[in-house]
Amino acid sequence: MYARVSTLEGSPQQIDEGLRYLREEILPTGKDDPGFKGLIALGDRNSGKTLSITLWESEEEMRATEQDANQLRRAWSESSGQEIVSVESYEVGLFEVES
């Protein structure tokens, strides 16, 4: 499994708008992409930092979505008033979730 981690920073008051955009615009788009396994969004209401972690079955499937992801990230940034700080890719070494 592979992960793309996007970090945005801005006003703490914009966190909710950024999370709304991820939930309503980016998540539905991701669900249509081959190899998409999920999205995790983390927000720090003190600093205004938001992390989006998209999970992919393979590195190839993640890389195949790079252009679309760049466009979605720019739209997310514009919608939330946050600045794109970084975009990084990782191999997932451990993934376990209990419900």
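The values are calculated or read from the model by the stated rules, or taken from the named source; none is laboratory data. Predicted model only: the values in this text are computed from it and were never measured. Here the Cβ is made from the backbone with ideal geometry for all residues, glycine too, and neighbour counts use every protein chain on show. Calculation scope for accessible area: heavy atoms of the full protein, side chains included, ligands and nucleic acids excluded. Shrake-Rupley method; radii C 1.70, N 1.55, O 1.52, S 1.80 Å.
Scanning for something open to solvent by less than 70 Å² (accessible area, probe 1.4 Å) and part of a helix (DSSP H, G or I), does region 45-56 turn up at least one residue? No, that holds for no residue. Among the residues in region 15-31, are any under 20 Å from S86 (Cβ atoms) and among the polar types (S, T, N, Q)? Within region 15-31 (the criterion being under 20 Å from S86 (Cβ atoms) and among the polar types (S, T, N, Q)), the answer is no, since none of the residues qualifies. Quick check on region 67-85. Is at least one of its residues free of Cβ contacts under 8 Å to residues at least 60 places away in the same chain, in contact with a strand residue (DSSP E or B) (Cβ under 7 Å, 6 or more places away or on another chain), farther than 18 Å from M1 by Cβ and surrounded by 13 or more Cβ atoms within 10 Å (Cβ to Cβ)? Checked against the condition, which is being free of Cβ contacts under 8 Å to residues at least 60 places away in the same chain, in contact with a strand residue (DSSP E or B) (Cβ under 7 Å, 6 or more places away or on another chain), farther than 18 Å from M1 by Cβ and surrounded by 13 or more Cβ atoms within 10 Å (Cβ to Cβ), region 67-85 yields no hits at all. Taken residue by residue, region 1-21 has no member that is touching a Leu at 6+ places or on another chain (Cβ under 8 Å) and exposed (fewer than 15 other Cβ atoms within 10 Å of the Cβ).
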